[in-house]
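Please read the structure below before turning to the comments.
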Amino acid sequence: MDYEVLFQPDGKKVRVRPLTNVLDASRRAGVRIPTRCGGKAGCLMCKVIIPEGQRESCLPPEDKERRKLGSALLEQGYRLSCQTKITGGLQVSIPEDPLKAAIRKQLEAARNRDADDFI
């Protein structure tokens with residue numbers, strides 16, 4: 001039995017076999033999740049958010065992932081996509097890259113300032 005995985009904010013879906021990790025599922029869906037360590041939980045770049053109510057559709061984090069993320073991030077729903085194994089239909093949110101988010105905020109602020117000049 002395959003499971004459907006929905007990646008947000010892209011809205012892309014893919015069907016995967018049980019125990020496929022989220023990183024592999026994202027690659028099959030054509031969704032980019034950055035990583036440097038090749039899926040060994042070493043770089044922490046592949047963080048995703050599993051919304052509450054969806055978390056039972058994954059295996060619980062193992063010790064390696066718990067140590068890397070810490071309890072605060074785990075409680076917020078963050079998981080390492082390379083370590084998160086799918087056990088049911090799942091929705092995954094990919095956080096915006098921090099650098100891109102900072103640039104986007106600066107551009108929005110500049111646009112708002114420009115708009116204020118015309119008032």
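Every number here is computed from the coordinates shown, using simple stated rules; none is lab data. As the structure is a prediction and not an experimental result, all values here were calculated from the model. Don't worry about glycine lacking a Cβ; one is built from the backbone with ideal geometry, like all the others, and counts go over all protein chains shown.
Only one of Glu52, Glu56 is exposed (fewer than 14 other Cβ atoms within 10 Å of the Cβ), in contact (Cβ under 8 Å) with a residue 24 or more places away in the chain and not in a loop (DSSP other than H, G, I, E, B); which? If you could, list the steps in order and put the result at the bottom.
Working: Glu52 fails: not in a loop (DSSP other than H, G, I, E, B).
Sole residue among the options that is exposed (fewer than 14 other Cβ atoms within 10 Å of the Cβ), in contact (Cβ under 8 Å) with a residue 24 or more places away in the chain and not in a loop (DSSP other than H, G, I, E, B): Glu56.
Give me the pairs: first residue in the stretch 1-13 and closer than 16 Å to Glu96 by Cα, second residue part of a strand (DSSP E or B), beta-carbon distance under 6 Å, and six or more apart or on different chains, which are they?
Matching pairs, first to second residue: Phe7/Val92; Gln8/Ser93.
Kindly indicate whether Ile103 is within 28 Å of Met1 (Cβ to Cβ) and β-branched (Val, Ile, Thr).
No, not satisfied.
Which residue, of Arg66, Arg104, is surrounded by 13 or more Cβ atoms within 10 Å (Cβ to Cβ), part of a helix (DSSP H, G or I) and without any contact (Cβ under 8 Å) to a residue 12 or more places away in the chain?
Matching residue, one of Arg66, Arg104: Arg66.
For residues that are within 15 Å of the chain's Cα centre (by Cα) and of a type in the set (Lys, Arg), scanning just the stretch 54-99, find the one that is nearest to Arg17 (Cα to Cα).
Lys85
As an exercise: evaluate Val92 against (1) surrounded by 15 or more Cβ atoms within 10 Å (Cβ to Cβ); (2) in a loop (DSSP other than H, G, I, E, B) and give the number of the one condition it does not meet.
If we test Val92 against (1) surrounded by 15 or more Cβ atoms within 10 Å (Cβ to Cβ); (2) in a loop (DSSP other than H, G, I, E, B), just (2) comes out false.
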